[in-house]
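Visitor: Would you mind keeping the following structure in view while I ask a few things?
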Amino acid sequence: MAVEYYEGVGRRKAATARVRLYSGGDGNIVINERPFDEYFSRDLSIAQLKEPLLATATENSFDVSVRVKGGGIAGQAGAIRLGIARALVKSNPDLQPILHKGGFLTRDARVKERKKPGLKGARKAPQYTKR
């Protein structure tokens, strides 16, 4: 028997997360084959990735399996959050208005700005000297 799951991809900064929601689960979240509370030590990151499940009251309906790579802690948590939201919409299209209103389906496009030639950083210029 094939296991039924819904897949969603989330991206944030330099991080990419492939999320699978397995229906009929009991709320287990596994990230890169490790429990989520072991993978993320910050409570803020844990709360962020659970937000779409809590908003739709489906936290105990699915088992969540995540493959995430790239970026840092904040970027990975944001990517997982978007991936979970997209997978929830695939599982039940009626959840789309709730997730959209909460801002869970919007991809955060902010990335680090590149350094420009002649400048010390992305925008910081060398100190001006008159003489």
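The numbers here are math on the coordinates, done by the rules we state, and not lab data. All values derive from a computational prediction rather than experimental measurement. Virtual Cβ from ideal backbone geometry, glycine too; neighbours counted across all protein chains shown.
Visitor: About its Cα centre, how strong a charge dipole does segment 5-101 have in debye, to the nearest 20, once Lys and Arg get +1 and Asp and Glu get -1 at the Cβ?
Guide: For this selection, approximately 560 debye.
Visitor: Could you give the nm distance between label points at Y22 and T106, where each point is 7 Å from its Cα heading toward the beta carbon?
Guide: 3.4
Visitor: Something else about it: What FRET efficiency would be calculated for the residue pair D37, A57, taking the C-beta separation as r and a Förster radius of 30 Å, to the nearest 0.05?
Guide: For R0 = 30 Å, the calculated efficiency reads 0.90.
Visitor: Let me ask another. Evaluate the distance, in nm, between pseudo-label points positioned 7 Å from the Cα of A125 and of I46 along their respective Cα→Cβ axes.
Guide: 4.8
Visitor: Which residue, P35, L21, G72, has the largest displacement toward the positive end of the dipole of segment 1-83 when charges sit on each Cβ (Lys, Arg +1; Asp, Glu -1)?
Guide: G72
Visitor: Right, here's the next one. Defining a contact as two alpha carbons under 8 Å apart and six or more residues distant in sequence, what relative contact order in percent does segment 1-49 show?
Guide: That works out to 23 percent.
Visitor: Report, to one decimal in Å, the Kirkwood hydrodynamic radius for segment 1-87 based on all distinct Cα pairs.
Guide: Hydrodynamic radius (Kirkwood, Cα pairs) of segment 1-87 is 12.5 Å.
Visitor: Could I ask something else about it? Counting only C-alpha contacts under 8 Å and six or more residues apart, can you give the relative contact order of the chain as a whole percent?
Guide: In percent, rounded to a whole number, it is 32.
Visitor: Let me ask something else about it. Which one, P117, P35, P97, has the greatest fluctuation when you compute a Gaussian network model over the chain with C-alpha springs under 10 angstrom?
Guide: With Cα springs under 10 Å in the chain, the top fluctuation among P117, P35, P97 is at P117.
Visitor: Among G121, L82, T106, flag the residue with its Cα farthest along the positive direction of the charge dipole of segment 82-123, charges on Cβ as +1 for Lys/Arg and -1 for Asp/Glu.
Guide: G121
Visitor: Could you state the orientation-averaged shadow area of the convex hull built on the Cα atoms of segment 50-131, in nm² to one decimal?
Guide: 8.1
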